[in-house]
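Down below is the structure, laid out as structure tokens.
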Amino acid sequence: MSFFSRTLSLVKQSDMKIRDVIKVLEQVAPLPLQESYDNSGLIVGNPDATCGKALICLDSTETIIDEAINKRCDLVIAHHPIVFSGLKKLNGKNYIERVVMKAIKHDVAIYAIHTNLDNVLHRGVNAKISEKLDLTNTTILKPLSGKLNTLTTYVPERDLENVRRALGEAGGGKIGNYDLCSFSSAGTGTFRGNEKSNPTVGDKGVLEKETEIRLEITFPSHLEKDLLKALRGSHPYEEIPYGIVSLKNSWQDAGAGIVGDLPKAMNSSEFLKFLKTRMKTDVIRYTKPVNEIQRVAVCGGSGSFLLNDAIGSKADVFITGDFKYHQFFDAEDKLMICDIGHYESEQFTIDLLGEILSDKLPNFAVIFAQTGTNPIQYFY
């Protein structure tokens with residue numbers, strides 16, 4: 001698919017709100033998965049505003065906002081945030097201020113979905129690159145840690161499945177290709193009511209016993225409110241016993257980069273031609289070729305920070321952008337680095353966003369930006 005203007009659906013939904021579009025995007029790439037330096041999310045605009053059309057792009061530049069205005073789009077969805085740090089003044093002295101001012105003036109909202117879309121295994125930036133390269137057996141190159149919790153609760157045996165399913169529907173117990181993953185064990189719970197729980201018992205009631213099941217389920221930490229809401233809505237007790245523990249475990253479905261395998265091995269020359277064609281790039285900067293390539297590590301954008309992880313994954317080649325001269329030496333002939341450029345490695349993110357929205361909102365008008373935003377020009 002090219003970058004020229006394409007409308008996936010021309011049917012307007014008059015009651016569509018910006019928050020409805022955002023909800024679809026964040027179901028794939030939750031905001032808590034973004035890096036600490038990032039500024040993904042709704043940067044300009046009111047989430048409750050009506051949204052008839054969205055323009056998708058990599059960068060929300062001035063020309064992109066002009067295109068959105070001309071095509072009467074209410075929302076610009078960009079991969080890169082236009083604002084990374086705080087703006088103290090809006091005088092139009094640089095392109096960032098001018099973009100924000102123009103967007104506000106013409107009532108165009110700007111939403112960015114950056115490192116949170118980078119950091120998901122399924123339907124993320126790196127998954128799209130992997131798809132373009134026909135990679136199989138893909139896994140996260142550097143999984144996130146400290147993003148998982150375990151919820152433990154005690155449930156009467158008769159209510160176990162109801163509670164387990166409610167927690168699963170709220171996002172708990174999902175591990176890789178499986179859901180409703182949990183652990184349960186039986187025991188005896190005790191309780192004794194007081195006059196507040198039953199005014200007829202006096203100061204102390206009778207000690208009661210109940211066969212209970214200890215239920216444990218792991219969930220992404222950003223879903224804690226959802227899990228607790230589901231627990232309260234499904235648990236039969238007036239006072240619900242539960243505990244939440246933060247885990248240091250790596251989250252295999254979230255993190256930076258992806259590594260996978262080609263269907264068959266290629267020599268370096270074959271692979272470079274294959275890479276050039278599939279990623280639609282005219283320039284590849286690469287280190288000393290290796291004899292055979294089958295295991296491939298990828299990272300859209302600036303991925304040099306993942307070099308050691310790529311080496312550790314036994315990848316034969318690492319594909320990314322923005323490697324500096326001295327960083328190429330760090331490969332130490334353990335793999336081949338292929339720098340295809342920042343923009344080039346992320347260009348198919350536009351297609352990815354279009355697919356995500358059209359799958360969930362088939363009647364919502366999505367337009368792919370015709371304006372190219374790559375700031376780098378090449379002379380051949």
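General remarks:
- Set 273, 229: member being charged (D, E, K, R) and farther than 15 Å from residue 163 by Cβ: 273
- Selected residue (only one of 118, 179, 134, 159 is charged (D, E, K, R) and free of Cβ contacts under 8 Å to residues at least 12 places away in the same chain): 179
- Flag if residue 345 is in contact (Cβ under 8 Å) with a residue 24 or more places away in the chain and buried (at least 18 other Cβ atoms within 10 Å of the Cβ): yes
- Residue in the stretch 78-85 that is part of a loop (DSSP other than H, G, I, E, B), at positive phi and either in contact with a His (Cβ under 8 Å, 6 or more places away or on another chain) or at pLDDT 95 or above (or both) present: no
- Scope the stretch 131-159; condition in contact with an Asp or Glu (Cβ under 9 Å, 6 or more places away or on another chain) and over 12 Å from residue 253 (Cα atoms); matching residues: 135, 136, 137, 149, 150, 151, 152, 153, 154, 155, 156, 157
- Single residue of the stretch 8-35 satisfying the filter (in a loop (DSSP other than H, G, I, E, B) and at pLDDT 95 or above) that is farthest from residue 222 (Cα to Cα): 35
- Qualifying residue in the stretch 350-365 (condition: over 24 Å from the mean Cα position of the chain (by Cα), at negative phi and not hydrophobic (A, V, I, L, M, F, W, C)): no
- Applying the criterion of being within 13 Å of the chain's Cα centre (by Cα) and assigned to a strand (DSSP E or B) to the residues of the stretch 125-149, the residue that is surrounded by the most Cβ atoms within 10 Å (Cβ to Cβ) is 140.
- Scanning the stretch 253-293 for residues that are farther than 30 Å from residue 174 by Cα and part of a strand (DSSP E or B) yields 264, 265, 266, 285, 286, 293.
- Pairs meeting the criteria (first residue in the stretch 348-371 and basic (Lys, Arg), second residue in a helix (DSSP H, G or I), beta carbons under 6 Å, at least 6 apart or on different chains) are 360/24.
Table: residues versus (1) assigned by TED's automatic domain parsing to the domain that holds residue 270; (2) under 30 Å from residue 61 (Cα atoms).
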| position | (1), (2) |
| --- | --- |
| 114 | no, yes |
| 139 | yes, no |
| 161 | no, no |
| 164 | no, no |
| 168 | no, no |
| 173 | no, no |
| 176 | no, no |
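- Criterion: assigned by TED's automatic domain parsing to the domain that holds residue 159 and touching a residue at least 40 places away in the same chain (Cβ under 8 Å) - qualifying residue of 241, 263, 289: 241
- Extreme residue, nearest to residue 112 (Cα to Cα), among residues of the stretch 49-60 that are in a loop (DSSP other than H, G, I, E, B) and under 23 Å from the mean Cα position of the chain (by Cα): 60
The values are calculated or read from the model by the stated rules, or taken from the named source; none is laboratory data. No experiment lies behind these values; they were computed from the predicted model shown. Heads up, the Cβs are rebuilt from the backbone with ideal geometry, glycines too, and the neighbour counts pull from every protein chain shown.
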